[in-house]
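Take a look at the structure below.
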Amino acid sequence: MKFSRLMGIASVAACLCSFAAGQNKSLTYSADVAPVVKKYCLPCHSAENDNSSELVLDSYETMRIGGKHDDPIVPGKSKESNLYKKLHPDPEFGRQMPRGKGPKPTEEEIKLIYDWIEQGAKKE
């Protein structure tokens, strides 16, 4: 019984360490965020599409240019970044993104964007 309990505790500890290590991963736009942006944002926010915010998210560079509402990212400050805020219901202005009946980002994808911005919103 003691061995079984010890193995259970060791297993939980290993999972927690693995989770913590994943939290410290350095995130980049190219490797981590671009696939999320491509999946959820580009159907409306590409250079090919006319959108009322004038925000083009085709690349890191066009994202950083911003649109009508300035740069959508405040590096190190996710809660001040429109890219993050607009993924939630009832943002400060406008509507939640992405609009429509299509798929919405998962909590894990939203957290990834939050963490990326908190880490400085680096391209590479």
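The values are calculated or read from the model by the stated rules, or taken from the named source; none is laboratory data. In this text, all values refer to a predicted model and were calculated from it rather than measured experimentally. Here the Cβ positions follow ideal geometry from the backbone for every residue, glycine too, while neighbour counts run over all protein chains shown.
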Which fully enclosed helices (runs of 4 or more DSSP H) of segment 1-99 have 1 or more residues being modelled with pLDDT of 95 or more, farther than 17 Å from E109 by Cα and more than 12 Å from the chain's Cα centre (by Cα)? 60-65
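Condition check ((1) acidic (D, E); (2) surrounded by 12 or more Cβ atoms within 10 Å (Cβ to Cβ)) across all residues:
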{"residue": "S30", "(1), (2)": "no, yes"}
{"residue": "C44", "(1), (2)": "no, yes"}
{"residue": "N51", "(1), (2)": "no, yes"}
{"residue": "E54", "(1), (2)": "yes, yes"}
{"residue": "D58", "(1), (2)": "yes, yes"}
{"residue": "G66", "(1), (2)": "no, yes"}
{"residue": "D90", "(1), (2)": "yes, no"}
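Only one residue in L55, L83 is of a type in the set (A, V, I, L, M) and more than 15 Å from Y29 (Cα to Cα), so which one is that?
L55
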So which pairs qualify, if the first residue must be in segment 109-120 and within 13 Å of K86 (Cβ to Cβ), the second must be surrounded by fewer than 17 Cβ atoms within 10 Å (Cβ to Cβ) and not hydroxyl-bearing (S, T, Y), the Cβ gap must be under 8 Å, and the two must be at least 6 apart or on different chains? I110/H88; I117/V74; I117/P75; I117/G76; I117/K77
